[in-house]
Amino acid sequence: MPSSPLQPGDPHALQGYRIMARLGEGGQGVVYEAVSSEGERVAVKWLHARSHSTERRLLSEIESIRRVAPFCTARVLDAGVADGRPYVVSELVEGVSLHALVMREGPRSSGSLDRLAVGTMTALAAIHRAGVVHRDFKPQNVLLDREGPRVIDFGIARLLDSTSTVGARPVGTPAYLAPEQIGGEPAGTPVDLFAWGLTMSFASSGRAAFAADSYPAVLGRILYGTPDLGELSGPLRGLVVACLARSPEERPTAEEALAVLLEGPARPDDGERRQRAAVSGEDRTREKAAPGRDRAPGSGPGAETEVEAGAEAGVEAGVEASVRGQGRAGTLVSGEHPAGSRRLSRLWWIAAAAALSAAAALVVASPWRSEPPALAGEWSGAAHHPSSKVTFPIRLSLPDDAGKGTMRWGEGLHCQGVLTRIDSATYDLSQVRGEGCHPGRVVLAAEGASGYTFQVIRAGEDTPRYSGSIQK
């Protein structure tokens, strides 16, 4: 990690640690390279904010951080309070941040990305086992050295809860905040899974999944928009999608996600699987698809059905492979929770969703599945107004070929109007109500197999006023 000389006002010693150089500074505090009394090189992070907690409470928080097992984390060696400001001492990692590496060398892919996913999820599982929530997981807090990825700064946000700097804005980096953090709700372990999903997306594409040009716009996209996952594919994409569920209850735990990444959880027993098949009609679907598996795709009528059947076979094989063993991860999870079978069943469906995501990508890419999703139905998403730098929610109820639909948009969805289809992808927006709301045209364009982008052009104008994306 590159260092720089000390600046005026920096300490030369801190609670027995000799300060040698600066490693960096952020909104939370300054990180120094230091040497302990035993001669060990360490990293010392001294927070800017002064503590307003009792020393007993602060030491309790620090002890929780020190209990984190050193699996893919920078081991916490010491912590305390100096001049009324908390500090944390950790092992010095001779590496570069994931953010800096991607900016310098480009996105990660293939085995490099897989190793990053497993290492960082292992770290989150260890952090959560100690009863700590990171709350600021991001590419800058993942260091890469010869031993692999190391997660740093876990528990810092917890210490900041005890300081005077916590105000209206949530603690954390805007582009990696979970919806519940933005809403001011309690931030539990699911916020780290949301941030992990966004970090993996950045690692694979080199850009933030909810990128925008202002703080409010970023938060608006997280709350109402669709993440840009770029070229992320395969089972990892499916797991990232699961981690980016807007409801924290719908996200997997770190141990569940790690089980899927390593080898897949144990598969539900045959009795439970048959019961699910009876409810979902899975057996009937396979019976209908089976004949198509023996024919080459595209050989005569029903080619599309044959491609779907082949994809389904691939999904089944992928799920079988990913959940075949009773591996360490599955045993660990079932032992940790009394309702082990229910947890393992949930894990199986997470693995299945990941495999489905990979197979679906292949089907969508084939020439027999190039058509966009049907327009008729309920759609929601987010719009960005570039001139005012505002992001806001939007909802469309689109009609069949004949008939009228509706559109609601703006803060609190206070604008509403009637949609009338002009051609295959253009709607007239009329009968508009709401302050500052205007009629015009809505132009749609297919985006993948599940969504559309849109542009709204005000009546009497030729250029779009705002645009965004929607999904069913």
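Descriptive notes on the structure:
- Counting only Cβ charges, +1 for Lys and Arg and -1 for Asp and Glu, the dipole size of the stretch 87-143 around its Cα centre is about 160 debye.
- Here the 3J(HN,Hα) profile of the stretch 246-251, calculated from phi with Karplus coefficients 6.51, -1.76 and 1.60 at θ = phi - 60°, is 5, 8, x, 5, 8, 7 Hz, Gly and Pro shown as x.
- Derived scalar couplings between HN and Hα for the stretch 95-108 equal x, 10, 6, 4, 4, 5, 5, 5, 5, 8, 10, x, x, 7 Hz in order, rounded to whole Hz, by the Karplus curve 6.51 cos²θ - 1.76 cosθ + 1.60 (θ = phi - 60°), x for Gly and Pro.
- In order along the stretch 17-25, the phi-based Karplus estimate (6.51 cos²θ - 1.76 cosθ + 1.60, θ = phi - 60°) of 3J(HN,Hα) comes to 9, 7, 7, 9, 6, 8, 9, x, 9 Hz; Gly and Pro are listed as x.
Values in this text are rule-based calculations from the coordinates and carry no lab data. Values in this document were obtained by computation on a predicted structure and should not be read as measured data. Note: ideal-geometry Cβ built from the backbone for every residue, glycine included; neighbour counts use all protein chains shown.
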